[in-house]
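Notes follow the structure.
The values are calculated or read from the model by the stated rules, or taken from the named source; none is laboratory data. Worth saying up front: this structure is predicted, and the values here are computed from it rather than measured. Don't worry about glycine lacking a Cβ; one is built from the backbone with ideal geometry, like all the others, and counts go over all protein chains shown. These accessible areas exclude ligands, DNA and RNA; they are computed on the full protein's heavy atoms, side chains included. Shrake-Rupley method; radii C 1.70, N 1.55, O 1.52, S 1.80 Å.
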Amino acid sequence: MTTATAQTKRLLNTDQVIMRTAFRRIRRGAVIFALYAVIMITLQGFTLIKTYPTEAARQQFATTLTSDPSIGVLYGEPLKITTPAGYMIYRSLDGVALIGALWGLFAITKILRGQEEDGQWELLLSGDTTARQALYRAIQGCLLALALAYVVTTALLVFAGSSSQIGLSFGRSLLLGAAVVLPAACAMAVGAITSQLAITRRQAIVYGAIPLVALFILRSIANVDRNAAWLKNITPFGWIDRLHIVANAQPLWILVFLAVIVVCVWWAARLTAKRDLGASIIARPSIAKPHTRLLNRSWRFSLRLTRGSILGWLLGGVFIIALMAGLAKTAGKAAGSSHSLTKALHTIAGNTEQSISLLFVGYGMLLLALILMALVITTLQAARNEEARGHLDELLAQPLTRVRWLTGRALLIALSLAVIIELAALTAWYTATQQGIHVGLGTLLGNSLSLLGPLLLLLGFGMLVYGLRPRIMTTLMYGFVGWSLLIDLISSSASMNKVVVATSLFHYVAFVPAAKPDWTTTLITAIIGIGAGIVGTIAFHYRDLESE
Amino acid sequence: METILQTSKLTKRYGKFTALADLDLTVQKGEVLGYLGPNGAGKSTTIRLLLGLIHPSSGSAQIFGLDSKKDKAAIHRRLAYVPSDVSLWPSLTGAETLHLLASIHGTVDEKYQAQLIKRFEFDPNKKVRAYSKGNKQKINLIAALAARPELLILDEPTTGLDPLNQQVFRDCIEEAKTNEQTVFLSSHMLEEVEALCDRVAVLQAGKLIEVGTLTELRHLSAVKVEATFSHQPPDLHGITGVSGVHIKGNHLTCQVQGSIDSVLKAVAEAQPLTFFSREPSLEELFLALYGEAEKATA
């Protein structure tokens, strides 16, 4: 006789489901990160070959770069930087490692705290598993995705490295691949802990991002101040330098990464076993007095919802500007005597006759533009999340039109951008003036606003996609910025078709205060952005709301 | 009578799938309309169309004589909505959420709101993330009822509420009815619909299969008859309108469509020990309607 139990088909057990779900949810991001890393790294190698074709030119360029320790804020440890392999690691590995770490943090918090917040974790834990076991499996799934990233990265690096121009051996390619993914793995381990500490995914990201950025700054300090070089031993961003990929390789440092990962995962498992489902280790009061000041209008409510992240971006932007402006004089002194560095910086910044110090501040403005692009994407993504999670149904069932809601959000973003730009410009002026670099405050405040042109263009583009295809908005916006970075990177060292160059957002970023902005271009980009935003708003008005 | 809500051939298609087809429905002022249907019948689609959250593929809907597509804000000023899936902002407290919804709606009877908070035994000082599903639902209910709108659109509003709070909800709807407020109530709680609604509209697979008062609908279904005898029950086969005759020992059950006169006579002649007849409950009506609709589809 066939019983009901016997008829039940046994599929996967819960642990397998958890692991596979985690892997599937982040594998695409892992592959995109791998491709991004390979492009960013190899491009630098080919740039060196093209810009400095002779050994003598490379030697001179290397001497200039290494003569100024402040450059170490931006780049890695200068090892064999006259070779394409050494240069590409020096120029790009730290940046790639930071991006990878942030991606790793976002990915793991999505799988752990994000699923718990959305109630999916509860469903998974109702299966034949324990909280601790489920955590291990989820992390395993994420690390598998990272292993996939490693395979893609390494395969492509082996391929690129095999070219006689780059000259990166098979073994060193394997090590470089590891250096690309290990910081991301460390960040995942940190994120596994912060997912236990925080009650929301957003908090888990903030709790994780703070130590990661602090560790990156420690590496920067170690690069700038030779007396503080030991700091590299306590940060994953320093350990990748310690691997010495292109000279006298030290692969044993991989064990340090692995040890940290094991300890963090073990600690996260202990924490998860200690707490209730849906709760967090850092307790937040579930009872609070009502604060209704920002709840009277929809745009004020939008401000309340996004003020934390806007403040975070503000602090990040001001910090970068202060750092760059703070190093501007040293950079100017070191580089001013070097024709090759002056030439290199001019290539990046365009044909300007301003001093290198001002150019360095201008480079800070470029980084600020990048940060503000991230602000535009994340705040617009927050608006999309309102719709995806059904919150917008609640608002739009009230006498609130879609146009008012979306334009309110857009104006809030635009206003935040303007305020952050002005505060960053003020910081740049103060820091530069303290060092004796003359910058006119009024001019700097005024010219800095030219950054709004490309930022409004990105905002308008995002709103257009939001109006037409909301589900792919974030991907396309990140894609647009990624494309812009790529074009900017290639066009700074090689000649490119003007039309292609014009598709980069960074093409419209002026190196204020070193260069005067082209206000006509700024106005045109802003108008195109506003136009796209209006079309997007109209499309949003006429489309159905789309939840997750 | 004043028409509050009227749809005309309201249709929503997603590609080849028709979620709602040619809906013609009218709701009068002060009426409580029960909107019934199984999962996926198109109830929430109808409500989202009425609120303008999604747009019709064809047809139209008018609320307060205004076009639901063009005059959304003006319409929403005069109605309140309780969604079936509660998705409030987890970082706000209950009180903050009530304040937000009232501010954006623009109308709130604060005394009544305070009264509702008491009646539903709701603690507004907790963060939304700390509330149970039922308590989250209370926030939406209190916000909607306290706005004292002309029209209440309620999509399965008592999901997650305990029986005591369900009773409070029923009392509130009775009060709304007394105040001549109109209620569009989509629900799976047939008992609740039976207790509150003046008329019932039944939806299946996106099509309106029946609409009317409960009395009108009961005519569509058979009366249940049960009788016990001291001997073999009489044979009722062949009497017009009788179906489902079932005899077990001395006990007879059957269903009667239309006049019950002939059955009464036949049973009375056989001198029953007990006789019991009753009208179908809404649940039985609902099941009967779906049985017929499914047969028709097959």
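Does the range A:157-174 contain at least one residue that is crowded, with 21+ Cβ neighbours inside 10 Å and under 20 Å from residue A:28 (Cβ atoms)? No: zero hits. Picking from residues in the range A:201-217 that are small (Gly, Ala, Ser) and farther than 16 Å from residue A:111 by Cα, the one that is least open to solvent (accessible area, probe 1.4 Å) is A:209. Within the range A:518-535, the set of residues being over 19 Å from residue A:491 (Cβ atoms) and not hydrophobic (A, V, I, L, M, F, W, C) comprises A:520, A:522, A:529, A:531, A:533. Residue A:82 meets each of the listed conditions (1) touching a residue at least 24 places away in the same chain (Cβ under 8 Å); (2) open to solvent by 40 Å² or more (accessible area, probe 1.4 Å); (3) more than 22 Å from residue A:178 (Cβ to Cβ); (4) not in a helix (DSSP H, G or I) apart from (2). Looking only at the range B:6-19, decide whether some residue is among the hydrophobic types (A, V, I, L, M, F, W, C), over 21 Å from residue B:210 (Cα atoms) and exposed (fewer than 15 other Cβ atoms within 10 Å of the Cβ). Yes, the range B:6-19 contains at least one residue that is among the hydrophobic types (A, V, I, L, M, F, W, C), over 21 Å from residue B:210 (Cα atoms) and exposed (fewer than 15 other Cβ atoms within 10 Å of the Cβ). Consider residue A:62 carefully, then state whether it is crowded, with 23+ Cβ neighbours inside 10 Å, assigned by TED's automatic domain parsing to the domain that holds residue A:20 and either of a type outside the set (D, E, K, R) or assigned to a helix (DSSP H, G or I) (or both). So residue A:62 fails the test. Can you find a residue that is more than 30 Å from residue A:78 (Cα to Cα) and within 14 Å of another protein chain (Cβ to nearest Cβ) anywhere in the range A:308-329? Yes, there is a match, as at least one residue in the range A:308-329 is more than 30 Å from residue A:78 (Cα to Cα) and within 14 Å of another protein chain (Cβ to nearest Cβ). Does the range B:104-113 contain at least one residue that is at the interface with chain A (Cβ under 10 Å from one of its Cβ atoms), surrounded by 18 or more Cβ atoms within 10 Å (Cβ to Cβ) and farther than 16 Å from residue B:90 by Cβ? Within the range B:104-113, one or more residues are at the interface with chain A (Cβ under 10 Å from one of its Cβ atoms), surrounded by 18 or more Cβ atoms within 10 Å (Cβ to Cβ) and farther than 16 Å from residue B:90 by Cβ.
Cβ-Cβ contacts under 7 Å between residues 6 or more apart (or on different chains), taken from a first residue in the range A:503-522 that is among the aromatic types (Phe, Trp, Tyr) to a second residue that is in a loop (DSSP other than H, G, I, E, B), are listed as A:511/A:350; A:511/A:352. Scanning the range B:75-102 for residues that are within 23 Å of the chain's Cα centre (by Cα) and more than 7 Å from chain A (Cβ to nearest Cβ) turns up B:75, B:78, B:79, B:80, B:82, B:84, B:86. Please determine whether any residue of the range B:227-236 is open to solvent by less than 80 Å² (accessible area, probe 1.4 Å), touching a Phe, Trp or Tyr at 6+ places or on another chain (Cβ under 7 Å) and either farther than 30 Å from residue B:27 by Cβ or part of a loop (DSSP other than H, G, I, E, B) (or both). Yes, because at least one residue in the range B:227-236 is open to solvent by less than 80 Å² (accessible area, probe 1.4 Å), touching a Phe, Trp or Tyr at 6+ places or on another chain (Cβ under 7 Å) and either farther than 30 Å from residue B:27 by Cβ or part of a loop (DSSP other than H, G, I, E, B) (or both). If the condition is being farther than 14 Å from residue B:33 by Cα and of a type in the set (A, V, I, L, M, F, W, C), then the range B:158-211 contributes B:161, B:164, B:168, B:169, B:172, B:205, B:209.
Picking from residues in the range A:268-290 that are open to solvent by 70 Å² or more (accessible area, probe 1.4 Å) and out of contact with any helix residue (DSSP H, G or I) (no Cβ under 7 Å at 6 or more places or on another chain), the one that is nearest to the other protein chains (Cβ to nearest Cβ) is A:287. In this structure, residue B:130 does satisfy being farther than 22 Å from residue A:398 by Cα and within 14 Å of chain A (Cβ to nearest Cβ). Across the range A:394-421, the qualifying residues are those that are over 18 Å from residue A:309 (Cβ atoms), in a helix (DSSP H, G or I) and open to solvent by 20 Å² or more (accessible area, probe 1.4 Å), and the one among them that is farthest from the other protein chains (Cβ to nearest Cβ) is A:407.
Is there any pair with a first residue in the range B:263-275 that is modelled with pLDDT of 90 or more and a second that is among the small types (Gly, Ala, Ser) whose Cβ atoms are under 7 Å apart and which are 6 or more apart or on different chains, and what are they? From the range B:263-275, the pairs are B:267/B:227; B:272/B:227; B:273/B:230; B:274/B:227; B:275/B:227. Give me the residue from the range A:255-267 that is in contact with a helix residue (DSSP H, G or I) (Cβ under 7 Å, 6 or more places away or on another chain) and open to solvent by 40 Å² or more (accessible area, probe 1.4 Å) and, out of that set, farthest from the other protein chains (Cβ to nearest Cβ). Within the range A:255-267, the match that is farthest from the other protein chains (Cβ to nearest Cβ) is A:256. Just one of the listed residues (A:426, A:415) is assigned by TED's automatic domain parsing to the domain that holds residue A:519 and in contact (Cβ under 8 Å) with a residue 12 or more places away in the chain, namely A:426. If only one of B:90, B:124 is touching an Asp or Glu at 6+ places or on another chain (Cβ under 9 Å) and modelled with pLDDT under 95, which one is it? None of the others qualify; the one that does is B:90.
No other residue among A:254, A:205, A:199 is touching a residue at least 60 places away in the same chain (Cβ under 8 Å), assigned to a loop (DSSP other than H, G, I, E, B) and either assigned by TED's automatic domain parsing to the domain that holds residue A:324 or within 28 Å of the chain's Cα centre (by Cα) (or both) apart from A:199.
Here is a yes/no grid of residues against (1) touching a Cys at 6+ places or on another chain (Cβ under 8 Å); (2) in the same structural domain as residue B:49 (by TED's automatic domain parsing); (3) within 23 Å of residue B:49 (Cα to Cα):
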site: B:156; (1), (2), (3): no, yes, yes
site: B:159; (1), (2), (3): no, yes, yes
site: B:164; (1), (2), (3): no, yes, no
site: B:174; (1), (2), (3): no, yes, no
site: B:178; (1), (2), (3): no, yes, no
site: B:185; (1), (2), (3): yes, yes, yes
site: B:202; (1), (2), (3): no, yes, yes
site: B:209; (1), (2), (3): no, yes, yes
site: B:226; (1), (2), (3): no, no, no
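Among the candidates B:127, B:118, B:72, the residue that is more than 21 Å from the chain's Cα centre (by Cα), open to solvent by 50 Å² or more (accessible area, probe 1.4 Å) and in the same structural domain as residue B:187 (by TED's automatic domain parsing) is uniquely B:118.
Okay, residues lined up against (1) assigned by TED's automatic domain parsing to the domain that holds residue B:191; (2) assigned to a loop (DSSP other than H, G, I, E, B); (3) within 15 Å of the chain's Cα centre (by Cα):
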{"residue": "B:19", "(1), (2), (3)": "yes, no, no"}
{"residue": "B:25", "(1), (2), (3)": "yes, no, yes"}
{"residue": "B:34", "(1), (2), (3)": "yes, no, yes"}
{"residue": "B:38", "(1), (2), (3)": "yes, yes, yes"}
{"residue": "B:49", "(1), (2), (3)": "yes, no, no"}
{"residue": "B:59", "(1), (2), (3)": "yes, no, no"}
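Closer than 23 Å to residue A:390 by Cα, more than 9 Å from every other protein chain (Cβ to nearest Cβ), touching an Asp or Glu at 6+ places or on another chain (Cβ under 9 Å) and of a type in the set (Ser, Thr, Tyr), is that true of residue B:35? Yes; evaluated as a whole, the condition is true for this residue.
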